[in-house]
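The values are calculated or read from the model by the stated rules, or taken from the named source; none is laboratory data. The model shown is predicted, which means the values in this text are computed figures rather than measured ones. Note that each Cβ is placed from the backbone with ideal geometry, even for glycine, and that neighbours are counted across all protein chains shown. To get the accessible areas, we keep the full protein, side chains included, count just its heavy atoms, and leave off ligands, DNA and RNA. Shrake-Rupley method; radii C 1.70, N 1.55, O 1.52, S 1.80 Å.
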Amino acid sequence: MIQQFFIEQGEWAWLILGLLLLVLELLAPGTMFLWFGLAALIVGILGFFFELSWQHAFILFGLLSLVSVIAGRYILKRTASTASDKPLLNARAQALVGQVYILDAPIENGQGRVKVNDSYWRVAGPDVAAGQKVRVIGSNGTVLDVVPL
């Protein structure tokens, strides 16, 4: 059925596929569908200038997809900035390492709670009474590892 659609519609099928992939790119994270959409559009445009059989069009689409994915990765790698002025932006727990906080809830059986700004964090460490100061020495997911001061 799909093969028949590409045979009947020719270059228009490739243009439609390319546009659908580009719309899908807008809805999906990353740049996965961008390169395939561009390859399909190129095949569609070339179909207006050269008479391509559906077999040749599919082979050309595969080759152009491969080339565009490789070129896209190369371009993105060269233009991506690796340095950030906020390297711990998405690693909030790591950003808290070394900080001192007052326990909001006592650490009992290895579990407690501290208030950090306007949020509460679970903590793990030796038993300590509420109101005591603790230093964050690490994290395990969203649980902060602490030691009493």
**Complete:** Scanning segment 129-142 for residues that are among the hydrophobic types (A, V, I, L, M, F, W, C) and touching a residue at least 40 places away in the same chain (Cβ under 8 Å) gives V136, I137
**Prompt:** Looking at segment 26-128, what helices (runs of 4 or more DSSP H) fall wholly within it and have at least 2 residues that are in contact with a strand residue (DSSP E or B) (Cβ under 8 Å, 6 or more places away or on another chain) and in contact (Cβ under 8 Å) with a residue 24 or more places away in the chain?
**Reply:** 92-95
**Asked** Only one of these conditions is not met by L149: (1) aliphatic (A, V, I, L, M); (2) closer than 30 Å to L19 by Cβ; (3) open to solvent by 80 Å² or more (accessible area, probe 1.4 Å). Which number is it?
**Response** (2)
**Message:** Looking at A130, A91, A71, A80, can you tell me which residue is farther than 27 Å from T31 by Cβ and not basic (K, R)?
**Reply:** A130
**Request:** Could you tell me which residue of segment 44-80 is surrounded by the fewest Cβ atoms within 10 Å (Cβ to Cβ), considering only residues that are over 18 Å from the mean Cα position of the chain (by Cα) and of a type in the set (S, T, Y)?
**Result:** S53
